[in-house]
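What follows is calculated from the coordinates using simple rules that are stated; it is not laboratory data. Given the structure is predicted, the values throughout are model-derived calculations rather than measurements. Cβ sites come from the backbone with ideal geometry, for glycine too, and all protein chains shown count toward neighbours.
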Amino acid sequence: MPAARIRFWPLSIALVIALAGCSDSQTDHGPEAAKAPEAPEYPVTWRFALEEIEGSVQHAYAEALKERIEERSEGKIEVDIFPYGSLGTSAQLTELVKNGSVSLAFASPGHLANTIPEVGLFTLHYVLPDDAEVTRQLLASPELLNLFEQPYADQNMKLLGFVPEGWMAWTANKALRTPDDFNGQRIRTMTSDMAEEAFRAYGAEPSQIPYSQVYSNLQLRKIDGQSNPVFAIEEMDFYEVQSTMTLARPAQFVASVVSNLDWYNALPENQQQWLDNGLNDVAQIAWETQEELNQTRLEKMLEEGHLKVVRLTDAEREAFRQASMPVRDLYLERTGESGQRIFERLQQLIEELDANKPE
Ligand code: 6CS
């Protein structure tokens, strides 16, 4: 059982209180910090909060970013990484970044979509392309980032990047080959209404549960199944308490990296450069990192032999694609003009990238 599930809450509460009271000159991110003109006293510490435990895709990303920023700043910036289990749930991490208690955080759209409805786009099924190279380029595209910049800014967050974490896989105690197989299945989703809708469309009974509680809910049979990338199913031990993993490639797990908007805007020019350049460097390796982790963890689970793995055919996937269509309408209803503009541009971007992809 991963350590995160054992020591989550007591430590979390203590740290949240401690961080909320912190105010060293460069890590005080409230509106006042935006006005502070003094020269920084180095080293400056940036806190980076993760939604995943050590060894995860987010952890590998954070370690790579830390290394680049500390190197580029010649040690003037120190990045402290807080893996999942040390601060709080995804929703709480978003609050910590919004109130300036941490400088950087991961915020997954599946947890963020009640706060920023537009990001519910990433919870929709069969919208992102099948082609790996097109997806890689799409998620690294500055234009995609620009489309979401304002919705994040409206919540006092600076969107710094999208991080691909691999195809979502479904686990349950049976194979999920058709939408009918979901009928009555109690499926855990991330904590937003849009995340639930994707599974309600298949006839499931979805429920929103924080990441740290998924294992125990599966173990106690309070839920029947869940959805996550392969690496996460291995590292959170979900495969120990589920019989079957269905690979239907419905959606990529896409996380966003954010900072407090006032904090980012108040960064001295050199610090903003170190951050932006570090993010650029890491964006280049993010795709390979998730590919490798998802592959090795799949092999590990297969070797252990606990889990049956079912790969859907194109025809089986098509039935799910058809069943998922009404959820797109719900997304458009809930996001209005802003969501429509993003959705349409996303589809154009996919077409353009697909047309230009190398043979
Ligand atoms: O399912 C979740 O809640 C989580 N899954 C992953 C792979 N990362 C973070 C997120 O909170």
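Observations on the structure shown:
- Chain lengthening between residue 273 and residue 78 when straightened (0.36 nm per residue, less Cα-Cα): 68.7 nm
- Straight Cα distances below 13 angstrom link residue 174 to the aspartates and glutamates 224, with same-chain residues fewer than 8 positions distant left out.
- Debye-formula intensities of the chain, expressed as log10 I(q)/I(0) at q = 0.09 Å⁻¹, are -0.49 (one equal scatterer per alpha-carbon, no solvent).
- Tail weight of P(r) past 21 Å, computed on alpha-carbon pairs of segment 290-359, percent: 60
- Under 11 Å, Cβ to Cβ, from residue 114 - net charge with Lys/Arg +1 and Asp/Glu -1: -1
- Cα-centred dipole magnitude for segment 28-150, charges only on beta-carbon of K, R (+1) and D, E (-1), debye, nearest 20: 200
- P(r) for segment 101-235, from all Cα pairs and a bin width of 10 Å, is 11, 39, 35, 15, 1 %, short bins first.
- Highest mobility in the GNM of the chain, judged by mean-square fluctuation with C-alpha springs under 10 Å and restricted to 185, 213, 290, is found for 213.
- Its residue count N sets the reference 2.2 N^0.38 Å, and the alpha-carbon radius of gyration of segment 228-282 equals 1.82 times that reference.
- Helices that extend 15 Å or more along their long axis by alpha-carbon positions and average at least 1.6 on the Kyte-Doolittle scale are, among the DSSP H runs of the chain, 8-20.
- Normalised by 2.2 N^0.38 Å, with N the number of residues, the alpha-carbon radius of gyration of segment 28-140 equals 1.24.
- Helical content alone sets the calculated 222 nm signal of the chain at -15500 deg cm²/dmol, taking -39,500 (n - 2.57) per DSSP H segment of four or more residues and averaging over every residue.
- Dipole size of segment 81-163 about its Cα centre, with +1 on Lys/Arg Cβ and -1 on Asp/Glu Cβ: approximately 320 debye, rounded to the nearest 20.
- Equivalent ellipsoid of segment 42-86: semi-axes from √(5λ) of the C-alpha gyration tensor, largest first, are 20, 11, 5 Å.
- GNM on the chain, alpha-carbon springs under 10 angstrom: the most fluctuating residue among 110, 305, 184 is 305.
- Note on the chain: GNM, Cα springs under 10 Å; of 266, 105, 169, the largest mean-square fluctuation is that of 266.
- Debye log10 I(q)/I(0) for segment 219-359, one point scatterer per Cα, at q = 0.13, 0.16, 0.19, 0.21 Å⁻¹: -0.96, -1.23, -1.30, -1.31
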